Amino acid sequence: YLWSQNAGLSVALENTNTGTVSFIAPSVSEDKKISLNLTVTDSEGLTSEKNVVVDIQQQLVKLSLEGIATDSPLIDAAIKAKIGSQEFTTTTNSDGYYSLELALDDDDDADMSQLVTIEAQGKEQQQAALLQSRLMSFASLKTKAGDDAVLTNDEDFSVNITNLTTAKSALLARENLFVDIKSEQDLKRLSNEISADELVKVATTIKVILDKSTSNELFALPEGVNNVLECLLYVHLLYNNEVLHQKHKRL
């Protein structure tokens, strides 16, 4: 027997002169294939060859999120979860519920510690509804999900994407001066700095816009603003700029 490699990701073959070859599969960031060649020679010098293709699969840690996108349920809405530079997508059903599987490389500790953000974008008459929820890190959510690796809204309300979670997300952005929130520690600190009264007022504003804007122009989004999240971030940015301007004048 003689085993050799003729294509693909390089590996160190062992037991190359036996009927069963072995090697240690390397860690990969995407599925790969390697090609091995086996030549068998008998006692009379006759030979036969065979090519064997072996799959090297990326090892993934998986987590499913199950929740609802709603003020009124967002029907067939586009759901997007972001973890660092990675995105995962699905759509809601006719009742606004979604199930979304996240999968990260098991060797990537940096991605595991990244915060998860989920968004729901409504369609047609619900186009103004871009709702958002900020969650803990992938690692913390995986722990909270337990052995079945499915995190439901009974286990963590933040998997629901609502006017309340959107209001909180916008206020968190304002409190952090519109800089990305990087850690769970910062997320918890900023959450504690949000006024409960203000959170309710902003959430109510979102609900009024979504419920009334199609039938009453007084509640319509400003010209050039496409959705409620964009509107909130724009208003808060103007507010922050005015506060900074007034501080500068006093100085």
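For segment 109-128, state whether one or more residues are open to solvent by 50 Å² or more (accessible area, probe 1.4 Å), on the phi > 0 side of the Ramachandran plot and not polar (S, T, N, Q).
Yes; the residues of segment 109-128 include at least one that is open to solvent by 50 Å² or more (accessible area, probe 1.4 Å), on the phi > 0 side of the Ramachandran plot and not polar (S, T, N, Q).
For the list (1) assigned to a loop (DSSP other than H, G, I, E, B); (2) of a type outside the set (A, V, I, L, M, F, W, C); (3) under 18 Å from residue 132 (Cβ atoms), I need the number of the one condition that residue 44 fails.
(3)
May I ask you to list the residues in segment 54-73 that are free of Cβ contacts under 8 Å to residues at least 40 places away in the same chain and in a loop (DSSP other than H, G, I, E, B)?
Correct list: 57 only.
Sort out which residues of segment 148-200 are aliphatic (A, V, I, L, M) and open to solvent by 80 Å² or more (accessible area, probe 1.4 Å), and write them in order of number. Steps first, answer last, please.
If we filter segment 148-200 for residues that are aliphatic (A, V, I, L, M), which is where we start, we get 149-151, 159, 161, 164, 167, 170-173, 177, 179, 181, 187, 190, 194, 196, 199-200.
Across segment 148-200, the qualifying residues are 177, 179, 200.
Take the conditions part of a strand (DSSP E or B) and open to solvent by less than 70 Å² (accessible area, probe 1.4 Å) and apply them to residue 99. Does it pass?
On the way: part of a strand (DSSP E or B): yes; open to solvent by less than 70 Å² (accessible area, probe 1.4 Å): yes.
Spelling it out, residue 99 is indeed part of a strand (DSSP E or B) and open to solvent by less than 70 Å² (accessible area, probe 1.4 Å).
With the condition kept exactly as written, say whether any residue in segment 118-130 is assigned to a helix (DSSP H, G or I) and among the acidic types (Asp, Glu).
Narrowing segment 118-130 to residues assigned to a helix (DSSP H, G or I): 124-126.
Filter again for among the acidic types (Asp, Glu), leaving 124.
Yes, some residue in segment 118-130 is assigned to a helix (DSSP H, G or I) and among the acidic types (Asp, Glu).
Yes or no, residue by residue, for (1) closer than 30 Å to residue 151 by Cα; (2) modelled with pLDDT under 95:
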position: 18; (1), (2): no, yes
position: 29; (1), (2): yes, yes
position: 43; (1), (2): no, yes
position: 57; (1), (2): yes, yes
position: 68; (1), (2): yes, no
position: 100; (1), (2): yes, no
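Restricting to segment 22-48, and then to whatever is charged (D, E, K, R) and farther than 15 Å from residue 4 by Cα, can you tell me which residue is most open to solvent (accessible area, probe 1.4 Å)? Write out each step before concluding.
Residues of segment 22-48 that are charged (D, E, K, R), as a first pass: 30-33, 42, 44.
Filter again for farther than 15 Å from residue 4 by Cα, leaving 30-32, 42, 44.
Details: 30: 101, 31: 101, 32: 78, 42: 71, 44: 151 Å².
Looking at residues that are charged (D, E, K, R) and farther than 15 Å from residue 4 by Cα, I get 44.
For the structure I just gave you, tell me whether residue 87 is under 17 Å from residue 58 (Cα atoms) and either among the basic types (Lys, Arg) or touching a strand residue (DSSP E or B) at 6+ places or on another chain (Cβ under 8 Å) (or both).
Details: under 17 Å from residue 58 (Cα atoms): no; either among the basic types (Lys, Arg) or touching a strand residue (DSSP E or B) at 6+ places or on another chain (Cβ under 8 Å) (or both): yes.
Taking the combined requirement at face value, the residue does not satisfy it.
What are the residues in segment 142-167 that are in contact with a strand residue (DSSP E or B) (Cβ under 7 Å, 6 or more places away or on another chain), of a type outside the set (S, T, N, Q), within 13 Å of residue 118 (Cα to Cα) and assigned to a helix (DSSP H, G or I), if any?
159
Can you report the number of residues in segment 160-208 which are over 21 Å from residue 222 (Cα atoms) and in contact with an Asp or Glu (Cβ under 6 Å, 6 or more places away or on another chain)?
3
Out of all the residues in segment 1-21, which are among the small types (Gly, Ala, Ser) and open to solvent by less than 90 Å² (accessible area, probe 1.4 Å)? Quick ask: steps written out before the conclusion?
Going through segment 1-21, the residues among the small types (Gly, Ala, Ser) turn out to be 4, 7-8, 10, 12, 19.
If the condition is that a residue be among the small types (Gly, Ala, Ser) and open to solvent by less than 90 Å² (accessible area, probe 1.4 Å), then 4, 7, 8, 12, 19 are the ones that fit.
Pairs please, first residue from segment 1-15 and under 13 Å from residue 54 (Cβ atoms), second anywhere and among the basic types (Lys, Arg), Cβ atoms under 7 Å, 6+ apart in sequence or on different chains.
So the pair list comes out as 8/32; 8/33; 9/32.
Specify which of the listed residues (221, 233) is more than 22 Å from the chain's Cα centre (by Cα) and either at pLDDT below 90 or exposed (fewer than 15 other Cβ atoms within 10 Å of the Cβ) (or both). I'd like the intermediate steps shown before the answer.
Numbers: 233 fails: more than 22 Å from the chain's Cα centre (by Cα).
Going through 221, 233 in turn, the sole match is 221.
Please verify whether residue 207 is open to solvent by 60 Å² or more (accessible area, probe 1.4 Å), touching a helix residue (DSSP H, G or I) at 6+ places or on another chain (Cβ under 8 Å) and at pLDDT below 85, treating the condition exactly as stated.
Working: open to solvent by 60 Å² or more (accessible area, probe 1.4 Å): yes; touching a helix residue (DSSP H, G or I) at 6+ places or on another chain (Cβ under 8 Å): yes; at pLDDT below 85: no.
Answer is no for this residue.
Is segment 75-94 home to any residue that is touching a residue at least 60 places away in the same chain (Cβ under 8 Å) and surrounded by fewer than 21 Cβ atoms within 10 Å (Cβ to Cβ)? Steps first, answer last, please.
Our first condition is that a residue be touching a residue at least 60 places away in the same chain (Cβ under 8 Å); within segment 75-94, this holds for 79.
Applying the additional criterion that residues be surrounded by fewer than 21 Cβ atoms within 10 Å (Cβ to Cβ) yields none.
No, there is no match, as no residue in segment 75-94 is touching a residue at least 60 places away in the same chain (Cβ under 8 Å) and surrounded by fewer than 21 Cβ atoms within 10 Å (Cβ to Cβ).
Within segment 112-128, take every residue that is at pLDDT below 90 and aliphatic (A, V, I, L, M) and give me the one that is nearest to residue 226 (Cα to Cα).
128
The values are calculated or read from the model by the stated rules, or taken from the named source; none is laboratory data. Computed from a predicted model, the values in this text were never measured in an experiment. Counting neighbours? That spans all protein chains shown, and the Cβs are built from the backbone with ideal geometry, glycine included. Accessible surface areas use protein heavy atoms only, side chains included; no ligands, DNA or RNA. Shrake-Rupley method; radii C 1.70, N 1.55, O 1.52, S 1.80 Å.
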